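Step one of this worksheet: look at the structure below.
The values are calculated or read from the model by the stated rules, or taken from the named source; none is laboratory data. Remember, predicted model here, so these are calculated numbers, not experimental data. Every residue, glycine among them, receives a Cβ derived from its backbone with ideal geometry; neighbour counts consider all protein chains shown. For the accessible areas, the whole protein counts, side chains as well, though only heavy atoms, and no ligand, DNA or RNA atoms are used. Shrake-Rupley method; radii C 1.70, N 1.55, O 1.52, S 1.80 Å.
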Amino acid sequence: MNPTEFILTIEDLTVSFDGFKAVDNLNLYIENNELRVVIGPNGAGKTTLLDLICGKTKATSGSIKFKNTELTRLAEHQIVRTGVGRKFQTPSIYENLTVYQNLEVSYPEGRSVIGSLFFTTTPAVKERVTRIADEIFLTESLHQQAALLSHGQKQWLEIGMLLMQDPELLMLDEPVAGMSAKERDLTADLLNRICKNRSVLVIEHDMEFVKKIAHKVTVLHQGKILAEGSMEKIQSNETVIDVYLGH
Amino acid sequence: MNELSEKVLGGKQGALHLAILAVLLLVILPLCLDLFRLGLIGKYVTYAFVAISLVLLWGNGGILSLGQGMFFGLGGYCMAMFLKLEASDPISTKIQTTPGLPDFMDWNQIVELPWFWEPFKSLPLTLLLVLVVPVLLAFIIGMAMFTRRVGGVYFSIITQAIALILSILIVGQQGYTGGVNGITDLKTLSGWDIRTDSAKYCLYFMNAGLLILCIMLSRFILTSKFGMLLLAMRDKEERVRFSGYDVARFKIFIFCVAAMISAIGGAMFTLQIGFMSPSFVGIVPSIEMVIFAAVGGRMSLIGAVYGTLLVNFGKTIFSETYPELWLFLMGGLFIAVVMFFPDGLAGIYEKYAPHCSFSMLRARWLKKVPKVTGERQ
C-alpha cells in the first residue's frame, strides 16, 4: 500500500527503560477513518505506545509519522497542534471548573499567552460546546462542577474535551473502564459516531466492547505485535488465545 | 468597551467589592486616621501588592513562590538608588573624600560610581527599571524552572533559596548596595521633598490608586481564558499540555506579572517609608507575604488586601504590647487558617455573608411585616 494513505505510520519504534524494552521494534499503520483497537496483557506496552505517539515518552529509536510529520522530535503541545488528541487512562479533567468551562478551555484557539488573554467566547464557540455536550450525553450537567460528575461521565467529558479540538487522530486509553453496562453501550455508539471523519486508536480490555467498535484489532505482547486483523481472525488465532484471551 | 469594563471589574459583585475597598482606602481611612497611622496603612498597602501577586500565582496558578520578597525588594532598591543619587549631590556630601557619591560608598572606599548605578541618574529610566529588573529576574528563574518542569515544593524551595542568596548578596556587597543598613537617608524625588506631610498624603493616595489598578489588571487576567487555564493547570497540568498549550510559557508569564506587581509595591514602599533594606528581600518577609495572602484568601484579590491590612494591624497592636508573643501568634494564625479556613477570610465571607447580610436581613424584615399588619387589624 502507498504509505501516504496512512494517517499514522510507526516504523521500527523502540523504547527502552534501563535496558527493558517496553516497545520493541514495533511497526504499526493506521488508515484514514479507521477505528483500531489495541489489546494485550498487562505490561504489553499499550499505554507506552500511546505515550510515545503523543510525546509523553521519548522514543529510543524509530519513527512515528503523522501525515508526513515526524512526531518523535516535537514537543507535546506541538504534537497536539498537528491534530493528535489523547485521553488518559484515569479521567483527566479540571475538577474545579464546570463542564462548560472544561469544554471551552479545550477549544483550539487562544492557545498562546497573549491569545488567551484576549480570547473572547464567540457564538461559534458556544455552539460547538453545546453540540459536543449533547454528543457526550452531558447537556444537563453543562453548568455543574466537573468534580461532581460520575466516573463514567468524567470519561465522556474527557472525550468531549478532545472532540473540541477536532483531532484527526484520537487516542483513547481504556475509555470504558469503570463504566456501567449501559454507559458502555452509549460509549460504543459514541465512538462509532465520532470515527466517521477521523482515525481513532483505542486501548481496551473489555472484549465485548472491542467487538462492537473495532474495525481492526492489534494484539501487543511484550512490546511486539503478536497478531493483527479483524476481530474474528484474532479470536481464532491460537497464539493470541494462549497468551491473552485464554481458552 | 462594555465587555472590557465587565472583565476588569469582575461583574456587579466584583465592582461593588472593589468600590468598598476603594472608599475605605481613599476616603474613610484618610479621614479617620492621623498621618502617622495612615503612614502605617500605606506601608501595609505596599505589602498588599505582593499579596495580590500571590493570589495570581499561588491561589489561581498553584505555583507557590516563597521568594516574592526579592521582587518587592528589587523594585524598592531600584527606586531607592535613584533617590539616593539625588540625595548625594556634591554640595550635601562635601565633607566626604569623594563628594557626589552615596555616603556608604564613600565609607567603603569606593571612589567611582559603579556602572550599574549609572542608569538610576534618570527618573524615567528608573521607573522603567523598577519594572524591568524584577521581571527580567522572574523571566530567567521561570525559564530555568518551568521549561524543565520544576514545580510544586521544589519550586517553592528554589525561590526561597534565591531570595536568601539575593539578600546575602546585598548584605555582602556593602560598598555597592549599602549592606545590611540598606539605602537610607532618602530626601527628594526630582526635587520634590518626600518627607513633608503633603508629600506623604500624596504618596499614600498614589499608592492606594496603584493598588486598585493592579487589582483591576489581575481581574482582567483572571477573568480571561488565561485565568481559566491557570485553574486548569493547577488541577491537571498534563491535561493542559496535551490540549495543545505550552504550559511553561503560561507559567513564566504569570510569574513575571506577579514579579512586576510585587515590584510596584516595593517601589512605593521606598517612596513612602524613605528607605529600603535587605530585611525586605529575604526568606522571612517572603513567607510573611504568603501568610497575608493565606489569611485574606488565596483565591481572592480583594480578600488578600484585607488579609494584609488585618494581619499587619494585629502585628502593630500586639507587638506594641507583647512583642515576644507576636511571632507565636502569627504562626498559630497561619496554621489555623490553613487547617480550618483554607480559603481565608474571603472564603468565610463567601460562605456566610450572602446569607446573613443582605438577603437574611430582608427575609427577617419581610417576616416581621405581616406580624405588624396583623396586630393592626
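Annotations for the structure displayed:
So that you can scan it fast, the table gives a plain yes or no per residue for (1) open to solvent by less than 60 Å² (accessible area, probe 1.4 Å); (2) free of Cβ contacts under 8 Å to residues at least 40 places away in the same chain; (3) in contact with a Pro (Cβ under 7 Å, 6 or more places away or on another chain); (4) of a type in the set (Phe, Trp, Tyr):
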residue	(1), (2), (3), (4)
A:SER180	yes, yes, no, no
A:GLU183	yes, yes, no, no
A:ALA188	yes, yes, no, no
A:ARG193	no, no, no, no
A:LEU201	yes, no, no, no
A:MET207	yes, no, no, no
A:LYS212	no, yes, no, no
A:GLY229	yes, yes, no, no
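- Residue in the stretch B:259-273 that is touching a strand residue (DSSP E or B) at 6+ places or on another chain (Cβ under 7 Å) and part of a loop (DSSP other than H, G, I, E, B) present: no
- The stretch B:132-149, residues that are within 14 Å of B:PHE253 (Cα to Cα) and of a type in the set (A, V, I, L, M): B:VAL132, B:VAL135, B:LEU136, B:LEU137, B:ALA138, B:ILE140, B:ILE141, B:MET143, B:ALA144, B:MET145
- Yes/no for B:PRO114 being farther than 30 Å from B:GLU237 by Cα and either touching a strand residue (DSSP E or B) at 6+ places or on another chain (Cβ under 7 Å) or open to solvent by less than 30 Å² (accessible area, probe 1.4 Å) (or both): yes
- Some residue of the stretch A:9-19 being buried (at least 21 other Cβ atoms within 10 Å of the Cβ), touching a residue at least 60 places away in the same chain (Cβ under 8 Å) and outside any loop (DSSP other than H, G, I, E, B): no
- Candidate set from the stretch B:314-328 (those that are open to solvent by 80 Å² or more (accessible area, probe 1.4 Å) and part of a helix (DSSP H, G or I)); member that is farthest from B:LYS43 (Cα to Cα): B:PHE328
- Scanning the stretch B:149-198 for residues that are touching a Phe, Trp or Tyr at 6+ places or on another chain (Cβ under 9 Å), surrounded by 17 or more Cβ atoms within 10 Å (Cβ to Cβ) and closer than 30 Å to B:LEU26 by Cα yields B:ILE183, B:LEU186, B:LEU189.
- Extreme residue, nearest to B:SER65 (Cα to Cα), among residues of the stretch B:294-313 that are of a type in the set (A, V, I, L, M, F, W, C) and open to solvent by less than 30 Å² (accessible area, probe 1.4 Å): B:ALA294
- The stretch B:240-258, residues that are at negative phi and not in a helix (DSSP H, G or I): B:PHE242, B:SER243, B:TYR245, B:ASP246
- Residue match in the stretch A:134-142 (condition: more than 10 Å from every other protein chain (Cβ to nearest Cβ), touching a residue at least 60 places away in the same chain (Cβ under 8 Å) and farther than 25 Å from A:ILE79 by Cα): no
- Looking across the stretch A:65-82 at every residue that is farther than 21 Å from A:LYS21 by Cβ and β-branched (Val, Ile, Thr), the one that is most open to solvent (accessible area, probe 1.4 Å) is identified as A:THR69.
- Some residue of the stretch A:180-197 being basic (Lys, Arg), touching a strand residue (DSSP E or B) at 6+ places or on another chain (Cβ under 9 Å) and either assigned to a loop (DSSP other than H, G, I, E, B) or within 13 Å of chain B (Cβ to nearest Cβ) (or both): no
- Subset of the stretch B:292-303 (residues that are part of a helix (DSSP H, G or I) and farther than 12 Å from B:HIS17 by Cβ): B:PHE292, B:ALA293, B:ALA294, B:VAL295, B:GLY296
- Taken over the stretch B:253-266, residues that are open to solvent by 10 Å² or more (accessible area, probe 1.4 Å) and more than 9 Å from chain A (Cβ to nearest Cβ) amount to 4.
- Per-region count, the stretch A:127-147, residues in contact with a helix residue (DSSP H, G or I) (Cβ under 8 Å, 6 or more places away or on another chain) and loosely packed, with under 13 Cβ neighbours inside 10 Å: 1
- Residue, farthest from the other protein chains (Cβ to nearest Cβ), within the stretch B:217-252, restricted to residues that are in contact with a Lys or Arg (Cβ under 6 Å, 6 or more places away or on another chain) and over 19 Å from A:GLU158 (Cβ atoms): B:THR223
- Checklist (1) hydrophobic (A, V, I, L, M, F, W, C); (2) open to solvent by 30 Å² or more (accessible area, probe 1.4 Å); (3) within 12 Å of chain B (Cβ to nearest Cβ) applied to A:ALA124, failing item: (3)
- Complete set of residues in the stretch A:20-50 that are among the charged types (D, E, K, R) and open to solvent by less than 20 Å² (accessible area, probe 1.4 Å): A:GLU34, A:ARG36, A:LYS46
- Residues in the stretch A:68-106 that are of a type in the set (Gly, Ala, Ser) and either in contact with a helix residue (DSSP H, G or I) (Cβ under 6 Å, 6 or more places away or on another chain) or under 30 Å from A:SER141 (Cα atoms) (or both): A:GLY83, A:GLY85, A:SER92, A:SER106.
- The residues of the stretch B:193-239 that are outside any helix (DSSP H, G or I) and either among the hydrophobic types (A, V, I, L, M, F, W, C) or closer than 30 Å to A:THR57 by Cβ (or both), listed by number, are B:ILE194, B:LYS236.
- Evaluation of A:GLU104 against (1) of a type in the set (D, E, K, R); (2) surrounded by fewer than 18 Cβ atoms within 10 Å (Cβ to Cβ); (3) over 23 Å from B:ARG148 (Cα atoms) (one fails), failing number: (2)
- Of everything listed in (1) in contact with a Lys or Arg (Cβ under 8 Å, 6 or more places away or on another chain); (2) facing chain B (nearest Cβ under 9 Å), the single unmet condition for A:GLN78 is (1).
- Cβ-Cβ contacts under 6 Å between residues 6 or more apart (or on different chains), taken from a first residue in the stretch A:26-48 that is within 19 Å of A:GLY246 (Cα to Cα) to a second residue that is of a type in the set (A, V, I, L, M, F, W, C) and not in a strand (DSSP E or B), are listed as A:VAL37/A:VAL210; A:VAL37/A:ALA214.
- Yes/no for B:SER167 being farther than 23 Å from B:GLU118 by Cβ and not basic (Lys, Arg): yes
- Selected residue [open to solvent by 10 Å² or more (accessible area, probe 1.4 Å), in a strand (DSSP E or B) and either at the interface with another protein chain (Cβ under 9 Å from one of its Cβ atoms) or of a type outside the set (Phe, Trp, Tyr) (or both)] from A:GLY62, A:GLY85, A:GLY110: A:GLY62
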